[in-house]
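Take a look at the structure set out below.
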Amino acid sequence: GTPQDYKTLLKLWPNHPKKLVVMGRLDLASFKLCHNPEDWKQYLKDFPAGQYREEALQLIRKAEEQVAAAAFNKCVTIADLNRFIFKYPQSPFSNKAVDKIEDMVYAQVVETGNYDTYFRQYPNGRYTDKLNQLLDDLFYKQCTTKKDFERYLRQYPNGRHEKPARTFVQKRNRLRFIVVFIATALA
């Protein structure tokens, strides 16, 4: 029968000898009529001790995850991702959205060269080491004079290019010493 049939039977015979059987069938019939999250939520309200509560909760979670996945896949900008995180904070996709935002900020920073933005927002971010290496390389490539290399060594004492920079400074010191020695010898 239908849930209405079982409800009518219980109203007409409240002390029916098989009342538990009728209530179980009402529970099953009501659950079978559920096809969407709203129906399953209503089932949970109507049957607080129902036999199919766990299944209804799983179906609700699964449906909500599908909605969240569809919403996550539609996100294109950082603003979209922030709205997604605000709307679906408990979604398994919220962590992916946070990571995707960091990826997008990193891409923008590399494109614009405004590295401080990334370091302010993500001081211990996934790309911090990579950006530090990039800055180290850029700083080293711009070095042309002894002062530049000395400044590089002060900025990056254990940098990637520390040995070549030290070698350059030492060669310049030796060259300067030789030039000064020859100049004083000739004078």
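Which residues, counting only those in the range 14-49, are among the β-branched types (Val, Ile, Thr) and either closer than 27 Å to Val67 by Cα or surrounded by 14 or more Cβ atoms within 10 Å (Cβ to Cβ) (or both)?
Val22
Among the residues of the range 149-160, which ones are open to solvent by 40 Å² or more (accessible area, probe 1.4 Å), within 23 Å of Asp129 (Cβ to Cβ) and in contact (Cβ under 8 Å) with a residue 12 or more places away in the chain?
Scanning the range 149-160 gives Gln155, Tyr156, Arg160.
Among (1) surrounded by 15 or more Cβ atoms within 10 Å (Cβ to Cβ); (2) under 30 Å from Lys96 (Cα atoms), there is one condition Phe139 misses while meeting the rest; what is its number?
(2)
The values are calculated or read from the model by the stated rules, or taken from the named source; none is laboratory data. Nothing here was measured: the structure is a model prediction, and the numbers come from that model. Note that each Cβ is placed from the backbone with ideal geometry, even for glycine, and that neighbours are counted across all protein chains shown. The protein model used for the area step is the full one, side chains on, heavy atoms only, and it has no ligands, DNA or RNA in it. Shrake-Rupley method; radii C 1.70, N 1.55, O 1.52, S 1.80 Å.
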